[in-house]
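A.B. asks: Dropping a structure here in structure tokens format, bear with me for questions.
Values in this text are rule-based calculations from the coordinates and carry no lab data. Here the structure is a predicted model, which means the values were calculated and not measured. Don't worry about glycine lacking a Cβ; one is built from the backbone with ideal geometry, like all the others, and counts go over all protein chains shown.
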């Protein structure tokens, strides 16, 4: 059963997990049992008309917590997470995740599509080898907000071209960095640059 927690409490619960226990199941248990209400995310709710936004909540050597804001119809390019894991929950809205496999370094193959956020208990776990695209469908007529935990943090990821089967390494940046980044430590990667 999940408990409503503050954003600071959510980060503190993740920080309390020892590095050797920062596993899929342990983080999933923490994310599942800790519901962060949308009102806790106000400092990170930045909306752009032409793309989704990324707000850094907290980052250390083991993990980072990010808030992403998706206007109706917005989506990510097809991308990976640089071999890192991701746990995603949606305090608001729904997102479609289209999963792909990158085969033999030259072809991208469709695997499946899933919807996250249709049920309050929905949590998406992204494995290390995942290549995917995230979209907030126009038909849903509602902005979406995702709260994501990555382990380990990463500053670059591959963007994939479905037409050519090629990929290109791109830098990841943040639109905002909120007050919790300084509450726990000063090791943030916010530079005011635009997210890709």
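A.B. asks: If you wrap a convex hull around the C-alpha atoms of region 1-101 and split its volume per residue, what is the figure in Å³?
C.D. replies: Working: hull volume 12.9 nm³, N = 101.
That works out to 128 Å³ per residue.
A.B. asks: If you don't mind, another one. Expressed in nm to one decimal, what extension gain is obtained for the pair residue 4 and residue 138 from 0.36 nm per residue of sequence separation less their Cα-Cα distance? Provide the component values of the computation, followed by the final result.
C.D. replies: Working: separation 134, 0.36 × 134 = 48.24 nm, distance 2.94 nm.
Residue separation times 0.36 nm, minus the Cα-Cα distance, leaves 45.3 nm.
A.B. asks: Let me ask something else. In whole Å, what are the Cα extents of region 97-182 along the three principal axes, biggest one first?
C.D. replies: 41, 33, 22
A.B. asks: Still on this structure, I have one more. Kindly list the residues of region 83-114 that lie in the label zone of residue 47, defined by a backbone N under 19 Å from the point 7 Å along the Cα-to-C-beta vector.
C.D. replies: 90-96
A.B. asks: If I stretch the segment between residue 15 and residue 159 completely, what's the gain in nm (0.36 nm per residue apart, minus their alpha carbon distance), one decimal? Before the final figure, lay out the partial values.
C.D. replies: On the way: separation 144, 0.36 × 144 = 51.84 nm, distance 3.00 nm.
Computed gain between residue 15 and residue 159 is 48.8 nm.
A.B. asks: What order do you get for 37-46, 141-150 when each peptide is scored by the mean count of other beta carbon atoms within 10 Å, highest first? Walk me through the intermediate numbers first.
C.D. replies: Details: 37-46: 15.6, 141-150: 19.8.
In decreasing order of mean packing, 37-46, 141-150 become 141-150, 37-46.
A.B. asks: Which angle between 0 and 90 degrees, to the nearest 10, do you get for helix 24-33 versus the longest principal axis of the chain when only C-alpha atoms count?
C.D. replies: 60 degrees
A.B. asks: Turning to a different aspect of this structure: Taking the beta-carbon count within 10 Å as an exposure proxy, list 8, 168, 29 from fewest neighbours to most. Display every interim value, and only then the final one.
C.D. replies: Numbers: 8 16, 168 9, 29 13.
Ascending number of Cβ neighbours within 10 Å: 168, 29, 8.
A.B. asks: OK, next. As a test of the formula, what do you get for the chain when each DSSP H run with n ≥ 4 contributes -39,500 (n - 2.57) and the sum is divided by the residue count, at 222 nm and rounded to the nearest 500 deg cm²/dmol? Could the numbers behind the result be given before it?
C.D. replies: Details: 3 runs with 24 residues, N = 196.
Estimated from H runs of four or more residues: -3500 deg cm²/dmol.
A.B. asks: Could you rank the peptides 99-108, 56-65 by their average count of other C-beta atoms within 10 Å per residue, with the highest value first?
C.D. replies: Numbers: 99-108: 13.3, 56-65: 21.5.
Sorting 99-108, 56-65 by mean packing, highest first, produces 56-65, 99-108.
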